[in-house]
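Visitor: This structure is in structure tokens; I'll ask about it shortly.
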């Protein structure tokens, strides 16, 4: 409901729409599109005229009379006030409040506090009206629930750029997926950068042999295809830097040089 109605009128009209939803399903829509007309405090209750939008289609039901069992504790009255709606051929006409002969002349129904809105069942038992508790659960809950499955991680995957430029900038890889230079000379500074070392590394002596073979092949290719000497110097410089940065290779190189220099 809107501010066109008082808090008390809004609460009891919503409760009446819920109670009479089977017999007069159009009531909620009529309440939403109605205006409050004349209001009266009749000394033992209240009366509020309800003016429904005339352009609204006629309701399908044809109920005529007063309907509803909504009650509320209003102000300091010891007993509740009963509320009903007045219908004529299904169209809403007014809201009636009956205080059961209690004196309401000093009550300002526009500002009076109230609580304990309830209805009565067929046995006269009170049923509290709680819109939040009476609202059925959203069907979205069933759609989102997946019994027996672990919840998916909420961490969003990091986006990676895999465009043509990035693919061209990647170093050539061997059949096992390890870059050739890294396999021969090792990942320089991998421990410092927190990167994991390759699980399968070559022995130092084997790496030196591979380096020598690759250097020979590059030297032969430089002579045969007239490649610039700087090409071999770049590769040799890179290899020497890696050799000096790996203690195991330096020890192996020292043993090889010691065997060569040993007198026969």
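Since every read-out is calculated from the coordinates, none of them should be taken as a lab result. All values reported here derive from a predicted model rather than from experimental measurement. Don't worry about glycine lacking a Cβ; one is built from the backbone with ideal geometry, like all the others, and counts go over all protein chains shown.
Visitor: For residue 110 paired with residue 217, estimate the spin-label separation in nm (one decimal), with each label point 7 Å from Cα along the Cα-to-Cβ line.
Guide: 9.6 nm
Visitor: Now for a different question. State the three equivalent ellipsoid semi-axes of the range 7-133, derived from the C-alpha gyration tensor as the square roots of 5 times its eigenvalues, in descending order and whole Å.
Guide: 23, 17, 13
Visitor: Rank these for me by crowding, 69, 62, going from fewest to most other beta carbons within 10 Å.
Guide: In increasing order of surrounding Cβ atoms, one gets 62, 69.
Visitor: So, in nm, how far is label residue 234 from label residue 56 when the simple model puts each one 7 Å beyond its Cα toward the Cβ?
Guide: 8.2 nm
Visitor: Shifting gears a bit: Using the reciprocal of the averaged 1/r over all distinct C-alpha pairs, how large is the Kirkwood radius of the range 2-46 in Å? Each step should come with its number before you reach the end.
Guide: Numbers: mean 1/r = 0.0867 Å⁻¹.
Mean inverse Cα-Cα distance, inverted, gives 11.5 Å.
Visitor: Going by how many other beta carbons lie within 10 Å of each one, how would you line up 87, 93, fewest first?
Guide: Numbers: 87 25, 93 16.
In increasing order of surrounding Cβ atoms, one gets 93, 87.
Visitor: Same structure, new question: Just want the ordering: 216, 5, 225, 83, from fewest to most Cβ atoms lying within 10 Å of their own Cβ.
Guide: 225, 216, 5, 83
Visitor: At 7 Å along Cα-to-Cβ for each site, give me the label-to-label distance between residue 40 and residue 7 in nm.
Guide: For the pair residue 40/residue 7, the computed spacing is 2.7 nm.
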